[in-house]
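All remarks here apply to the structure that follows.
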Amino acid sequence: MKLTEKEQALLAGNHGPGLKKAMEILLALGKIYGAKDMAPVTSAQIAGVSYKNIGDPGLAFLTDWANQNARVHIPAFMNPAGIDRQLWRQLGFPEAFAHKQIEIIEVLKRMGVRATLTCTPYHIGIVPQKGEHIAWSESSAVSYANSILGARTNREGGPSALAAAFCGRTPRFGLHLHENRLATHRVLVNCKLESSADFGLLGYLIGKQVGNGIPFFQGIELPKEEAERTTCLKSLGAAMAASGAVALYHIEGCTPEAKMYGERIIKPTTDVLEISSLDEAKIALDHEGNQIDLVTLGCPHASLEELKDIARIIGNQQLKKPLWIASSAIVREDARANGILEMIEKAGGKVLADTCMVVAPLGEMGIKYIATNSAKAATYLPSHQGAIVHFGTTEQCIQAAIQGKWKN
Ligand code: F3S
C-alpha cells in the first residue's frame, strides 16, 4: 500500500504506541481488501459500546488502548450503550451491568469520543456531505450515510472505526470506491408501502435475498413529507442491514447517486427481483399470542418528529403496559423543550436515551414479550434477548400498550 509520510510516521510509532497500533490495524485491513492507499475521513462512529456486546474483554481492550495515550484526531461519536445514563435505576437496569457500562463510556470519553450514544447521528446535526469519506460502524447508520446522504463508508468494526478516528484515515476499498457502489440487483416493488413498518418489511425481504448486495429500487412511492420520508428510508435501510448485510441502496429518482447517474448506477449484469406482497415478512416477524411485557419503538433511534407523532397518537389515553421509545439524549432534550416528553410521560411512556432494545440487557431484566414497529429490532430481538416478538405499525404498537395486549 502506498503510504504518505505522515502515515509512515504513525506506523513507525513516532506518535506513540496507541496510534502505531491503530495504523497497523488499518494497514492490515487495507492489505486484506487490496486497498491501494488510505482515504482521509472526516468523522467516525464507534459501535461496540454496549457492555452486553463487548463484555469484560472489550472493556480491557479499550482500556489498554486508552492507556497507550490513543486520542481521536477527527470528530468521533459513540453508538448506543446498554443503559440510559439518567433513567437506568428508575427502570430497573441491573446495577453491576450499569457500572461496567459507565466504565466503557468513560474510557471512550477519555480517548476523545463524544458520548452521543446514538445510531442516528444525522438527527443531531452530524450530517456528512455527498462524496465525503467517513468511518461509521453501526449498520443502519452506515446504510443511511451511504444511501441517503451519499457519503462513503464501509461498515467498520468498533476497533477499525476507532483506529480511523485516531489516524484520521481509512483504507480506500469497498464502498469508498465508485465502482463498488453500483447496484447488483434491480428490485421492482409492485405493492403499496403504507407505513414505515411496511418499509421495514420490504427491507427484511430484500436483505434476505441480496445478502451484501446493493439493491436499486423501482416503483417505490415515498411519502411527500420530508420527516416521514426520512423515517421510512431509515426503516428500510436498517431492516436490510439486519436480515442481510446491505450497506448501500439506491432508489430511482430519490437517492443522490440514483439521481446523479440514473441507470448508470446499475451493473450491466444485474439480477431482477420483484416484490408484490409483504405477507411473508409479516408472518416471519410477528408471532402468535397476545401477551406483551414491553412495547418498544425507536429502532433506529427516533427523531423529534417521530416523538411528536407518537405523542399525537397517544393523545390523552393512558398506557397499561410500558412503552419505551429509544432516542438520543439531544432529541430527548428537544422533546422536553417542546412539551412532547411531558405528553408521553403523562400517559406512562418513557423516552430512553443512550440505549436501545437490542443492546440493553432486557433478557436479563425478565422482559420476554416485546412489541415493536421496527423490522430490524424484530429480526434481532429473538436471538439477542430471547424475546418473543410482535411486529406492527406504530399505531398498532401504541394501541397494544394502551390495551395491555397485542391484537393479531
Ligand atoms: Fe439503533 Fe439499536 Fe436499532 S443501535 S438501529 S436502535 S438495534
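Please treat every number below as a calculation from the coordinates, not as lab data. Keep in mind that what you see is a predicted model, and the values were worked out from it rather than measured. Here Cβ is always computed from backbone atoms with ideal geometry, including for glycine, and neighbour counts include all displayed protein chains.
Could you identify which residue out of 383, 235, 143 has the top mean-square fluctuation in a GNM of the chain using Cα springs shorter than 10 Å?
Judging by the Gaussian network model, the answer is 383.
Please state the charge dipole magnitude for the chain, taken about the Cα centre, from unit charges on C-beta atoms (+1 on K and R, -1 on D and E), reported in debye and rounded to the nearest 20.
Details: 42 positive and 40 negative charges, 138 e Å.
With only Lys, Arg, Asp and Glu charged at Cβ, the dipole is about 660 debye.
How large is the charge dipole for the range 317-387, taken about the Cα centre, if only the Cβ atoms of Lys, Arg (+1) and Asp, Glu (-1) carry charge, to the nearest 20 debye?
On the way: 8 positive and 6 negative charges, 58 e Å.
Taking the Cα centre of the range 317-387 as origin, the dipole is about 280 debye.
Based on DSSP H assignment, which helices of the chain show an axial Cα extent of at least 18 Å together with a mean Kyte-Doolittle hydropathy greater than or equal to 0.5? Walk me through the numbers before you get to the answer.
Working: long enough: 17-32 (22 Å, 0.76); 51-67 (23 Å, -0.28); 95-110 (22 Å, -0.10); 196-210 (21 Å, 0.70); 226-243 (26 Å, 0.12).
Membrane-span-like by this criterion, though nothing is claimed about a membrane: 17-32, 196-210.
Looking at the range 164-313 from every direction and averaging, what is the projected area of its Cα convex hull in nm²? List each step's numbers first, then the result.
Details: hull surface 46.3 nm².
Here the figure is 11.6 nm², rounded to one decimal.
Farthest toward the dipole's positive end in the range 318-408, which of 380, 397, 339, given Cβ charges of +1 (Lys, Arg) and -1 (Asp, Glu) about the Cα centre?
Towards the positive end, the residue furthest out is 397.
Taking the radius of gyration and the Kirkwood hydrodynamic radius from Cα positions alone, what is the Rg/Rh ratio for the range 275-408, to two decimal places? All intermediate terms of the calculation are to be shown ahead of the outcome.
Numbers: Rg = 14.1 Å, Rh = 14.7 Å.
Dividing the radius of gyration by the Kirkwood radius yields 0.96.
Looking at the chain, what % of its DSSP beta bridges pair antiparallel, to the nearest 5? List each step's numbers first, then the result.
Working: 3 of 38 bridges.
In the chain, DSSP labels about 10 percent of beta bridges as antiparallel.
Run lengths n ≥ 4 of DSSP H only: what is the helix-derived mean residue ellipticity at 222 nm for the chain, with -39500 (n - 2.57) per run over all residues, to the nearest 500?
Working: 15 runs with 168 residues, N = 408.
One gets -12500 deg cm²/dmol as the mean residue ellipticity at 222 nm.
In the range 1-80, if the dipole is taken from +1 on Lys/Arg beta carbons and -1 on Asp/Glu beta carbons about the Cα centre, which of 29, 47, 58 is farthest to the positive end?
29
With label points built 7 Å along Cα→Cβ from the Cα atoms of residue 109 and residue 317, find their separation and express it in nm.
Roughly 3.9 nm, to one decimal.
Sorted from largest down, what three extents in whole angstroms do the Cα atoms of the chain have along their principal axes?
Taking the Cα atoms of the chain, the three principal extents are 64, 53, 36 Å.
At what distance in angstrom do the alpha carbon centres of the range 259-282 and the range 62-134 lie from each other?
35
Of the listed peptides 221-233, 353-365, what is their order by residue-averaged count of other C-beta atoms within 10 Å, with the highest listed first? Please list the in-between numbers first.
Working: 221-233: 15.8, 353-365: 24.2.
The packing order, highest mean first, is 353-365, 221-233.
With a cap of 14 neighbouring Cβ atoms within 10 Å, and only residues DSSP puts in a loop, list the trypsin sites (Lys or Arg not before Pro) found in the range 93-198. Walk me through the numbers before you get to the answer.
Working: sites: 100, 109, 110, 114, 130, 152, 155, 169, 172, 181, 186, 192; in loops: 130, 155, 172, 192.
Loop-located and lightly packed - 130, 192.
List the lysines whose alpha-carbon lies under 27 Å from that of residue 52, not counting same-chain residues fewer than 8 positions away?
21, 100, 109, 208, 234, 321, 350, 368, 376
Treating only the Cβ atoms of Lys and Arg (+1) and Asp and Glu (-1) as charged, compute the dipole magnitude of the range 168-310 about its Cα centre; round to the nearest 20 debye.
With Lys and Arg at +1 and Asp and Glu at -1, about 800 debye.
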